[in-house]
Amino acid sequence: MSVKWEFSAGGVVIKEEDGQTFVLLIRNKDRYGFPKGNIERTEKKEEAAVREVKEETGVDAEPIEYLGNVEYWYRSGTDTIHKFVYYYLMKYKGGELNPQKEEIEAAEWMPAEEVLNKLSFEKDKKIYNIAMQKLQKLKVHA
């Protein structure tokens, strides 16, 4: 048994439409979360977040601000994986939802007020709360 490290990046993607805020979520096996994926060796975290959002959901997004990271442990075969995920607050730029079926079951725009109840993991909920706080500050200063 060995310990391996994984580094991923992802986004809390925001879309404003008709005065309402929507957030991009992905779904796998009735678990909801944010699009994310492994950082390639030559990539910056921010670049990986943009690429993974596009690959998993079909959506083009622009990073606005770094939100922080979450870390957790899981088992894969005989290995123990220590995973770090770096999240960015991102703004929707374009593109239609086109979930990457090999990776996720669905991608959907969720009204912001429903997101906390849908997210499956506490660490994602903390990142979401940070994202909403930062978004409010940005709106106040706009």
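The values are calculated or read from the model by the stated rules, or taken from the named source; none is laboratory data. Remember, it's a predicted structure, so these values are computed and weren't measured experimentally. FYI the Cβ positions are ideal-geometry reconstructions off the backbone, even for glycines, and counts take in every protein chain you see.
Observations
- Note on the stretch 1-20: residues that are within 23 Å of Leu67 (Cα to Cα), more than 16 Å from the chain's Cα centre (by Cα) and polar (S, T, N, Q) total 1.
- Within the stretch 21-43, being under 18 Å from Leu67 (Cα atoms) and crowded, with 21+ Cβ neighbours inside 10 Å holds for Val23, Leu24, Leu25, Phe34, Pro35, Lys36, Ile39.
- Whether a residue is in a helix (DSSP H, G or I), among the small types (Gly, Ala, Ser) and in contact with a strand residue (DSSP E or B) (Cβ under 8 Å, 6 or more places away or on another chain) was assessed, and Ala49 passes this test.
- Flag if Tyr66 is modelled with pLDDT of 95 or more, part of a strand (DSSP E or B) and in contact with a Gly (Cβ under 8 Å, 6 or more places away or on another chain): no
- Filtered by the rule that a residue be within 13 Å of the chain's Cα centre (by Cα), surrounded by fewer than 18 Cβ atoms within 10 Å (Cβ to Cβ) and assigned to a helix (DSSP H, G or I), the stretch 83-128 gives Lys123, Lys125, Lys126.
- Out of Lys54, Lys93, Lys126, Lys137, one residue alone is touching a residue at least 24 places away in the same chain (Cβ under 8 Å), over 17 Å from Leu25 (Cβ atoms) and not β-branched (Val, Ile, Thr). It is Lys93.
- Hits in the stretch 22-42 - residues which are assigned to a strand (DSSP E or B) and either modelled with pLDDT under 95 or in contact with a Ser or Thr (Cβ under 7 Å, 6 or more places away or on another chain) (or both): Leu24, Ile26, Asn28, Arg31, Tyr32, Gly33, Lys36, Gly37, Asn38
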